[in-house]
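The structure appears below as structure tokens.
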Amino acid sequence: MGLKMQQGHHHSVAVRLNEQMGTKRGYTFIQANRAWLPKFLLLWIMVMAFLSTMIYNGMDADNKVRRKDVLGSMCDQRARMLQDQFSVSVNHVHALAILVSTFHYYKNPSAIDQETFAEYTARTAFERPLLSGVAYAQRVVNSERGNFERKHGWTIKTMEREPSSVRDEYAPVIFSQESLSYLESLDMMSGEEDRENILRARATGKAVLTSPFRLLGSHHLGVVLTFPVYKSKLSLSPTVQERVEATAGYVGGAFDVESLVENLLGQLAGNQAFLVNVYDVTNSSDPLIMYGHQYQDGDMSLSHESKLDFGDPFRKHQMICRYHQKAPMSWTALTTAFLFFVIGLLVGYILYGAGIHIVKVEDDFHEMEELKVRAEAADVAKSQFLATVSHEIRTPMNGILGMLALLLDTELSSTQRDYAQTAQACGKALIALINEVLDRAKIEAGKLELEAVPFDLRSILDDVLSLFSEKSRHKGIELAVFVSDKVPEIVMGDPGRFRQIITNLVGNSVKFTERGHIFVKVHQAENMKAMVNGKAETCMNGGSDGGLFLSGGRQFKTLSGCEAADERNSWDTFKHLIADEEFHSDASRKMTTNEASEHVMLMVCVEDTGIGIPLCAQDRVFTPFMQADSSTSRHYGGTGIGLSISKCLVELMGGQINFISRPQVGSTFSFTAVFERCRKNLHGDMKKPSSEDLPSSFRGLKAIVVDEKPVRAAITRYHLKRLGIVVEVASNIKNTIAMCGKNGSLTSRNFQPDLILVEKDSWMSGEEGGLNVHLLDWKQSANMFQLPKMILLATNISDAEFDNAKSAGFADTVIMKPLRASMVAACLQQVLGIGKKRQQGKDISNGSFLQSLLFGKKILVVDDNRVNRRVAAGALKKFGADVECAESGKAALALLQLPHNFDACFMDIQMPEMDGFEATRRIRLMETNANELVNGGATDEGIIGKREWHVPILAMTADVIHATYDECLKCGMDGYVSKPFEEENLYQAVAKFFKSKPMRNL
Amino acid sequence: MEVGQLQRRLVDYTKSLLTEGILDDQFSQLQKLQDESDPGFLVEVVSLFFEDSEKLLNDITGALDQQSVDFKTVDGYVHQLKGSSASVGALRLKNACVAFRSFCEEQSLEGCLRSLQEVKQEYYNVKNKVETLFKMEKQIVAAGGSVPKTE
């Protein structure tokens, strides 16, 4: 079975694991697209490269535009200058033409001869820097040729320097500048170019240009400028005929365009960068170069054309400029683009790296999460395993213990008995340990649920104290409990678990304390704050009773006078708490509305004066299986699991546990726990057999407590107060007597005690026998009806002391500590002779209680196993139940068809066909339907007759731990019992259940 | 034999069964359940147990003889047997069943067959012992004594 359980468990763990994986795998965007990351990177790089190119292109285009603009402006500037210079020269030639017409034709005889002309032109050559020279050719008609040749003494020659053949007209050069003297007597009309020029010039009357040609002298490219000279003045708008007839000759000059442009460009900056070409584009299909190289070099991609107007409308010229070199690579653009690309690349890489990193971290995270889930599952599995194993160990251990008990009943030699007893003690310890482990495992597995039943906290504390009273008395340590009045009498909570915590803490204290005291104090947590606030005040005026305890060396105002780790429990604060309570007692009663808050937080302190916890071990006190050190466990025994369980339980109760400890001084463990307040009307239901009712017969009695230690006195007073006794405290016997009044006069101020309780220490330390005298004195002087009863309080008392006490007047009784209200009550009853009302019905065992619960109940047992069925039926029958059986879920369903008269149903879980869960689900469905029908049908009168169908169903299962209580509840079951039935378990399940349904019980 | 002697023998025998682990506390519980109102209770339960168990053992043997063994069915039978043996307190039989079930889960035919032998052995053992016990009780009753209560 164990294995089966384990298997099932693994399965559930696996399922949970899957679920967690499912829900927690919330992939982020990056995680989801992890495969795309490199592609994203690539894409990014490509985008970056593209953008870089764009930037480069943009910047480059800018550069080009600027370059082009520069080129354009340069070119235009050059063209303009060239044009200006040219036109200046043309004007001069014009002026020369006018000069010739004025002085050669209008004067008679002519004022100009070759000599004059040459000199004049030579001297004015500076005004025509562009012209290599000027010459004048006269118009000679063929008829005048003879005269002309004779007059000048030479014949007209052609350009080839041969005598000219006969033509209509000639234009022989008669005057020439010295540089052109070789032209003399040459007929200009014989050259094709010149002839055309001459004809065009005399027709238009303007300067005309030839197309460029190599000049005779310099072999530079040049053009010839020709101007007509007219004989007579012309009319304002002469016709071409008139112009031709009036023509007397022609002034011509050769422009050396090449040197002209060379000079010009030389004057301008940036000359080196440009390549300038000048063309004659009269015939646009065949531009003739005037300047520059015919074959083109330089940057062909960019050029600028500027128009040139040299004043001859027939000829068209233009200037084309280029850069000498190709546009240089734009380094700024290139660097900018490159830098941009690099930055983009880096950013991309960083993003990529970040992405990769995120993916990695997330992967790690998921892995960790998975591991965590696994670890948690393993932890749960461990707890389950522990629980299962513990459970399995318990059974044989019970056998061992039983056998040992039987063995001890037989006749044994003392050695054998000793062995057997040791074995039994060990066995019991083991069982206790296993139970603790089981508890812890249950808590860890989240299976432990706290009850919420009303219980009397004070009586539980009394019970715990009584457990340890023997031990504490034996060790001679004071054990005391004090519960503040503000703590409600009845609270709702889990008494068993509360008791477990207290028992554990007190048990530890008892174990580790050899002298001094153990003090359990309970008060409302809210009071604590007030107390701390009030502490300063107390310190200021607390000096008055400080001198009391200084007699025996170092004394502390604690319960036993020993130093305690936490001073909060010392009298200084404690007094304040009590005073506070007394002050508020009236007010608080009025303020019951204030107490209406549902929850009350209690603070429980357990203070001891034991060996304390070494500082180094203090932080692992609550770790399971950790003791202060290994020697501790050797010396004192124990496993160290108790505190960790207590911690878990305290946390389940909504509180916290902590401690203050000083080695060799003691420890104070304190914890808080939240309980619900119990509404008053529930008190009646609460009376459980465990809580003893305190007798009320002592109400109104008066007592004096004689104790020099205020804390201890307060505790005694607390217990007496619970019995309804009015208490005064005196620090010694003298004060007592003073309090009672010397002459016992019954004035209101004086206190008439029925009882005097004297602490043994006070009596011993006080004047020996003095009491006797006082008492006698008292007896005589006081006219009392009855002497107060004298009672001695002692932790431990020797026979001699006891006799001594008796003789000293404590004839009445000695109450052994630790004090418990019920025990005090019993003693007082004995002393005062007040009859005790018989307490009845308190010794009912679980068995008979079960019987009372189950008697006459009709119970259905559902199990497919005949034997199991019979055994369950037998067990239930024994408690007087009326049992019916069903062998399957279906049969049970049939039997539980409404209406039926079953009071409860015990259901096996594992059954073929229809298991217990399914059967229960169907039964609940059936009931719900029926309930709805009833409630729907009966509206008005239904309220009284309304009966909710809900048959209690308890699961029967072999594995209690694994039973998954939740699963049972989920399908509508009310609880579960272990199989085979254990009386205790059955009792718990049934009692819990029938109590919550008191109406059906009756 | 004297009644007292018989009674002591019965007590010793019962104790020995408990010590050997053949029976456990549950059996004692059943004994306690048997009182005047239900005198034949224990005998009835035990004979039911024997009947059931023999049938189940047959079923298991049959199921394991099959060509292809359906371990789930076998497991079901063994679960039944385990439940009833737990109910009567046949501890060792129960433990054998637990072992058997683990083999069923492993689907180990060999282990199952071995376990079956073990279970059978434990079953006949407990049957034998309990029958002896009853016989002794009968003897006591026949001798005019009353069956002593354990503990």
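The values are calculated or read from the model by the stated rules, or taken from the named source; none is laboratory data. This structure is a prediction, so every number in the text was calculated from the model and none was measured. For neighbour counting, all protein chains shown are included, and Cβ atoms are generated from backbone atoms with ideal geometry for every residue, glycine included. All accessible areas refer to the heavy atoms of the entire protein, side chains included, with ligands and DNA or RNA removed. Shrake-Rupley method; radii C 1.70, N 1.55, O 1.52, S 1.80 Å.
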message: Give me the inter-chain shielding for B:45-52: mean count of other chain Cβ atoms within 10 Å, whole number please.
response: 4
message: Between B:THR19 and A:GLU887, how high is the FRET efficiency from 1/(1 + (r/R0)^6) when r is the Cβ-Cβ distance and R₀ = 41 Å? Nearest 0.05.
response: 0.70
message: Tell me the net charge near A:LEU234. Cut-off is 12 Å between Cβ atoms, A:LEU234 excluded, with +1 for each Lys or Arg and -1 for each Asp or Glu.
response: +2
query: What is the calculated FRET efficiency for A:LEU652 to A:ALA429, with r their C-beta to C-beta distance and R₀ = 35 Å, to the nearest 0.05?
result: 0.85
query: Where q = 0.13 Å⁻¹, what log10 of I(q)/I(0) comes from the Debye formula for the stretch A:340-480, counting one point per Cα?
result: -0.93
- prompt: Given the Cα atoms of the stretch A:68-323, and with Rh set as the inverse mean 1/r over their pairs in the Kirkwood sense, what is Rg to Rh to two decimals?
  reply: 1.01
field: Estimated dipole of the stretch A:41-160 in Debye, rounded to 20 [Cβ of Lys and Arg +1, of Asp and Glu -1, Cα centre]
entry: 140
- line: What one gets for chain B as the Kirkwood radius, inverse of mean 1/r over different Cα pairs in Å, is 16.3
- prompt: Points 7 angstrom from Cα along the Cβ direction at A:ARG150 and B:GLN117: gap in nanometres?
  reply: 17.3
Angle between chain B longest axis and helix B:109-142 axis [Cα atoms, degrees, rounded to 10]: 10
- request: Express the carbon and sulfur contribution to the solvent-accessible surface of the stretch B:38-125 as a percent, rounded to the nearest whole number, probe 1.4 angstrom.
  value: 49
- prompt: Given the pairs A:LYS877/B:LYS32; A:LYS471/A:LYS789; A:LYS521/A:LYS647; B:LYS15/B:LYS55; A:LYS486/A:LYS760; B:LYS32/B:LYS129, which span a C-alpha to C-alpha distance of over 21 angstrom in this model?
  reply: A:LYS471/A:LYS789; B:LYS15/B:LYS55; A:LYS486/A:LYS760
statement: Result for chain B: accessible area per residue, probe 1.4 angstrom, in square angstrom, of 50
- request: Ignore the peptide's own chain and count Cβ atoms of other chains within 10 Å of each Cβ in B:85-98; give me the average, rounded.
  value: 3
task: First measure r as the distance between the Cβ atoms of A:THR239 and A:SER301, then evaluate 1/(1 + (r/R0)^6) with R0 = 41 Å and state the FRET efficiency to the nearest 0.05.
output: 0.20
- line: Once all protein chains are kept in place, A:PHE126 shows an accessible area at probe 1.4 Å, nearest 10 Å², of 150
field: 1.4 Å probe, heavy atoms, protein only - residues of the stretch A:365-413 losing at least 40 Å² accessible area vs chain alone
entry: A:MET403, A:LEU406
- prompt: When averaged across all projection directions, what area in nm² does the alpha-carbon convex hull of the stretch A:97-193 cover?
  reply: 6.6
task: Could you check how much of the accessible area of the stretch A:287-440 is carbon and sulfur, as a whole percent, using a 1.4 Å probe?
output: 66
- prompt: How would you rank A:415-424, A:132-141, A:495-504, A:116-125, highest first, on the average number of other Cβ atoms within 10 Å across their residues?
  reply: A:132-141, A:495-504, A:116-125, A:415-424
message: Rounded to whole Å, give me the distance from the Cα center of the stretch A:374-395 to that of the stretch B:63-140.
response: 26
task: Read phi for every residue in the stretch A:363-371 and hand back ³J(HN,Hα) as whole Hz from Karplus 6.51 cos²θ - 1.76 cosθ + 1.60, θ = phi - 60°, with x for Gly and Pro.
output: 4, 4, 4, 5, 5, 4, 4, 4, 4
message: Suppose each label sits 7 Å from its Cα in the direction of the beta carbon; what would the B:LEU109-A:LEU334 distance come out to in nanometres?
response: 8.5
query: At the nearest 100 Å², what buried accessible area, both sides summed, do you get for B and A when the probe is 1.4 Å?
result: 2300
